[in-house]
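Report on the following structure.
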Amino acid sequence: MTLQGKQILLGISGGIAAYKAAELTRLLTKAGASVRVCMTAGACEFITPLTLQALSGHPVHTTLLDPAAEAGMGHIELARWAEHILIAPATADLIARLVAGMADDLLSTLCLASAAPVSIAPAMNQQMWKHPATQQNIQTLQQRGVQILGPDQGAQACGDIGPGRMLEPAALLQAMLDFYQPKDLPLAGCKVLVTAGPTREPIDPVRFITNRSSGKMGYAVAEAARDLGAEVTLVSGPVHLAVPKNIYCVSVETAQQMLEACQVAVQDADIFIATAAVADYTPAAVASQKIKKSANDLSLALTKTTDILATLSLANPKLFSVGFAAETNDVLTYARSKLERKGLQMVAANLVGEGKAFDQATNALEVVWQGGSTSLPEMDKKQLAHELMQLISARYHIWKLQDGTH
Ligand code: CTP
């Protein structure tokens, strides 16, 4: 989830919290938004336009009647450009001027001249915030559809303690992300954890045991989950694939590292999809130096790795866990036994061997769950991932309804 391409006009008015607008600009930009900054004269007393110019990458707008600025992006043009106006901090004075519909400086004029949604983060002394005039102004703005973010409680720059602190930049970023989170997609608000690719189990500093998994199916599943509105974390072994957009990707090498990364990510996950081809065995000891060949044969002692899927699924009964199974025969029988053994809600099984599945562009799946199954015929992995994800989403919602504990 990001603000990719969102055109946000950040208005800064004159309060001590203005310095936090620098961090906010950085966070919004990092989240993909295009940020233009408008500062009131008061704001320029607290933080320099140059700082905001450097962070937003654009000249900062400060005055209404500036021929130079009007020759570039005029105020009406700027008002039209804005897809969202975020004012942080919003002082009591600015709030009052917005209520009165004033156009006595650039920021208030932009608010009047724009049809974009407006969010404000009030910041002021706690007594000013509690004053009936301010409270009434806030109510009026709310009735007009302005989103009020905060304020926070706590120690204030003036020494008082109470409500009036501006929300932290990270909380303001989150509010923007929430505002634009697609709400009608089936997995909106859901967190999905996906493992993908092979793992690499070191033998010595130059050798390792791995497998032929390309990660294509897992990456396609992660993208399909994202496209259904989920917030996706992808824990990936070494693959030759680009990091998908708007997906949080954690790169790992070994089965143990994959387990540890998943243990962190699973804490707030709703759905876990294990597509990774995790090594079942790892060398019992990693030689610290390259193993030299000798006249004799070499045997490697291998120990079992932890089953990431079974461990996480059995430890988290509220997690909807989906496993993959690669079989050369008796696909459905093995898939059902995996469902039971690993405490899963769903298993997607495919036939491997003879040029099937691994490193191929197409795949087919038999999907089983408690009391049902379906076949997804051979198709492009991206399309297959999309159909599988729709099935997972549908079964997940039914499962949650069926079980009152979720
Ligand atoms: N898995 C895992 N951690 C492991 C091994 C497997 O999370 N250490 C997951 C895989 O990501 C996959 C499923 O478990 O979702 C595969 O189960 P597995 O028992 O390895 O089945 P197969 O690969 O089909 O192998 P086997 O024939 O040995 O059952």
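The values are calculated or read from the model by the stated rules, or taken from the named source; none is laboratory data. On a predicted model such as this, the values are computed, not experimentally measured, just so you know. Cβ placement follows ideal geometry from the backbone for every residue including glycine, while neighbour counts extend to all protein chains displayed. All accessible areas refer to the heavy atoms of the entire protein, side chains included, with ligands and DNA or RNA removed. Shrake-Rupley method; radii C 1.70, N 1.55, O 1.52, S 1.80 Å.
Choose one answer from HIS61, HIS240, HIS386: the residue with the largest mean-square fluctuation in a GNM of the chain with alpha-carbon springs under 10 Å.
Answer for the Gaussian network model of the chain: HIS240.
Given springs between every Cα pair under 10 Å in a Gaussian network model of the chain, which of MET176, MET128, MET39 has the largest fluctuation?
In this elastic network of the chain, the residue with the biggest mean-square fluctuation among MET176, MET128, MET39 is MET128.
Give me the 1.4 Å probe accessible area per residue for the stretch 193-239, excluding ligands and nucleic acids, in Å².
31
Going down the table (LYS304/LYS342; LYS245/LYS382; LYS6/LYS245; LYS342/LYS381; LYS216/LYS318), which pairs top 19 Å between alpha carbons?
Too far apart for the 19 Å limit: LYS342/LYS381; LYS216/LYS318.
Quantify, in whole percent, the carbon and sulfur part of the accessible surface of the stretch 127-235 (1.4 Å probe; protein heavy atoms only).
For the stretch 127-235, the apolar C and S fraction of the accessible surface comes to 52 percent.
Among the helices of the chain (complete DSSP H runs), which have Cα atoms covering no less than 27 Å along the helix axis and a Kyte-Doolittle mean of at least 1.6?
none
What percent antiparallel are the DSSP beta bridges of the stretch 201-303, to the nearest 5?
If I count the DSSP bridges inside the stretch 201-303, around 55 percent turn out antiparallel.
Taking a ≥ b ≥ c as the square roots of the Cα gyration tensor eigenvalues, with a/c under 1.5 meaning rounded and otherwise prolate when a/b beats b/c, else oblate, which class fits the chain?
prolate
Calculate the radius of gyration of the Cα atoms of the stretch 108-251 to one decimal place, then report Dmax, the largest Cα-Cα distance, as a whole number, both in Å.
Expressed in Å, the Cα Rg and Dmax of the stretch 108-251 come to 23.6, 72.
Ignoring ligands, DNA and RNA, what accessible area per residue does the stretch 13-155 give at 1.4 Å, in Å²?
Roughly 45 Å² per residue, with all protein chains present.
I'd like the carbon and sulfur percentage of the solvent accessible area for the stretch 244-383, probe radius 1.4 Å, heavy atoms only, ligands and nucleic acids excluded.
The value for the stretch 244-383 is 50 percent carbon and sulfur by accessible area.
Which of rounded, prolate or oblate describes the stretch 201-285 when judged by the alpha-carbon gyration tensor and an a/c cut-off of 1.5?
Prolate is the answer for the stretch 201-285, as a/c is 1.5 or above and a/b outweighs b/c.
State, as an integer percentage, the relative contact order of the stretch 257-315 based on alpha-carbon contacts under 8 Å between residues 6 or more apart.
Result for the stretch 257-315 is 45 percent.
Between ARG207, ARG395, ARG165, where does the largest GNM mean-square fluctuation fall for the chain, given springs only between Cα atoms within less than 10 Å?
Per the Cα network of the chain with a 10 Å cutoff, ARG207 tops the list.
Check the straight Cα-Cα distances from LYS20 and name the lysines below 19 Å, setting aside those fewer than 8 residues away within the same chain.
Of all the lysines, those that pass the test against LYS20 - Cα under 19 Å, at least 8 places apart if same chain - are LYS30.
Can you tell me, using C-alpha contacts under 8 Å and at least 6 residues apart, the relative contact order of the chain as a whole percent?
11
What whole-number value in Å² describes the accessible area per residue of the stretch 240-293 for a 1.4 Å probe?
Accessible surface, normalised per residue, equals 62 Å².
So, counting K/R as plus one and D/E as minus one, what does the shell of residues with Cβ under 14 Å around LYS290 add up to?
Combined, the nearby Lys, Arg, Asp and Glu give +2.
Looking only at Cα atoms, what is the convex hull volume of the stretch 1-87 per residue, in Å³?
About 84 Å³ per residue, rounded to a whole number.
For the ranges 319-330, 12-23, what's the packing order if you count other beta-carbon atoms within 10 Å of each residue, average per peptide, and put the highest first?
12-23, 319-330
Output the relative contact order of the stretch 181-333, whole-number percent, from Cα pairs under 8 angstrom with separation of 6+ residues.
27
Quick check: the distance between the Cα centres of the stretch 7-29 and the stretch 79-138, to the nearest angstrom?
Each part's Cα centre sits 14 Å from the other's.
Quick check: Cα centre of the stretch 263-308 to Cα centre of the stretch 180-204, how many Å?
About 21 Å separates the Cα centre of the stretch 263-308 from the one of the stretch 180-204.
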